[in-house]
Amino acid sequence: MYVIPAIDILDKKVVRLREGKYDDKTVYDVSLEEMLEKYISYGTTFVHIIDLNGAKGDFSNQQYVLNAIKKYDIKVQYGGGVRSIDKVKELLTIGFHRVIVGTQAITDPSFLENLSKEVCDQYKCSDQVVVAIDVLDEVIKYSGWMESSPIKLMDYIDRCTNLGFFRFLCTDIDKDGKLTGSGVELYKKLLDHKPFIKLIASGGVSSINDLEALKEIKCEAAVVGKAIYEGKISVEEIKQWNLQSLVAL
């Protein structure tokens, strides 16, 4: 299991939200470029960037993010308001390594089916498209976690895998931004249901012990954000963890 450092961008500033609430945020006195330089200096080649403006339909950050990452030799898993197949294609074409889809996949029953047909012929679904599943008490949330879906969690996993999507970014909303530990029980249920999926855990990671717990249940990766900014996990520790993960492969 490897660790993906996370950077959330709101109004071109590095922030972290608590439980996804825009009015409960921490703004960090560091730029996107400075964070990328820091990660790269410690050997990181892959980061997770969420455009929080994009999640609300405002793509004013997109060019800013693109300009920043083009300065560095780094791969980006990018998400935030990606709600059309054309947008997925655009983002992959202009240089983002992976694109995260969430709300549209929930609200439009035909979206993933059409995405599978149109994108997977050119890109491998699981390699370059990540399906986000944001969960609160096993209920799928969307539209910035403001709406609830009637679709049952396991049924949604089944539908996605039947269409060729095997990589999921699952955020346990109840844990997000609190530094109280990761949603291991939720992730274990998902992996018990479909052991072959590639699951990226997100939310609540606060220590190396949390990473060990996620590794134990065989998550593919873990996204870590606030724990880095708050000094709970150092960039050096992430470097060492990922080096050991590579050796173990």
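So Asp8 passes all but one of these: (1) under 21 Å from Glu237 (Cα atoms); (2) assigned to a helix (DSSP H, G or I); (3) open to solvent by 10 Å² or more (accessible area, probe 1.4 Å). Which condition number does it fail?
Unmet for Asp8, out of (1) under 21 Å from Glu237 (Cα atoms); (2) assigned to a helix (DSSP H, G or I); (3) open to solvent by 10 Å² or more (accessible area, probe 1.4 Å): (2).
I need the full set of residues from the range 129-149 which are assigned to a loop (DSSP other than H, G, I, E, B) and of a type in the set (A, V, I, L, M), in order please.
The one that is assigned to a loop (DSSP other than H, G, I, E, B) and of a type in the set (A, V, I, L, M): Met146.
Looking only at the range 218-249, which residues are in a helix (DSSP H, G or I) and either touching a strand residue (DSSP E or B) at 6+ places or on another chain (Cβ under 7 Å) or under 13 Å from Pro5 (Cα atoms) (or both)?
If the condition is that a residue be in a helix (DSSP H, G or I) and either touching a strand residue (DSSP E or B) at 6+ places or on another chain (Cβ under 7 Å) or under 13 Å from Pro5 (Cα atoms) (or both), then Lys226, Ala227, Ile228, Tyr229, Val235, Glu236, Glu237, Ile238, Lys239, Trp241, Asn242, Ser245 are the ones that fit.
Among the residues of the range 41-67, what is the count of those that are loosely packed, with under 15 Cβ neighbours inside 10 Å and either among the aliphatic types (A, V, I, L, M) or in contact with a helix residue (DSSP H, G or I) (Cβ under 6 Å, 6 or more places away or on another chain) (or both)?
Residues flagged as loosely packed, with under 15 Cβ neighbours inside 10 Å and either among the aliphatic types (A, V, I, L, M) or in contact with a helix residue (DSSP H, G or I) (Cβ under 6 Å, 6 or more places away or on another chain) (or both) within the range 41-67 amount to 1.
Return a yes/no flag: does the range 231-246 have any residue that is among the hydroxyl-bearing types (Ser, Thr, Tyr) and surrounded by fewer than 18 Cβ atoms within 10 Å (Cβ to Cβ).
Yes, the conditions are met somewhere in the range 231-246.
Say we look at the range 68-93 and pick out the residues that are open to solvent by 20 Å² or more (accessible area, probe 1.4 Å) and in a helix (DSSP H, G or I); which of these is nearest to Lys117 (Cα to Cα)?
Ranking the candidates gives Ile85 first.
The values are calculated or read from the model by the stated rules, or taken from the named source; none is laboratory data. Everything quoted here is computed from the prediction, not taken from an experiment. Cβ: placed from backbone, ideal geometry, glycine included. Neighbour counts: every protein chain shown. Calculation scope for accessible area: heavy atoms of the full protein, side chains included, ligands and nucleic acids excluded. Shrake-Rupley method; radii C 1.70, N 1.55, O 1.52, S 1.80 Å.
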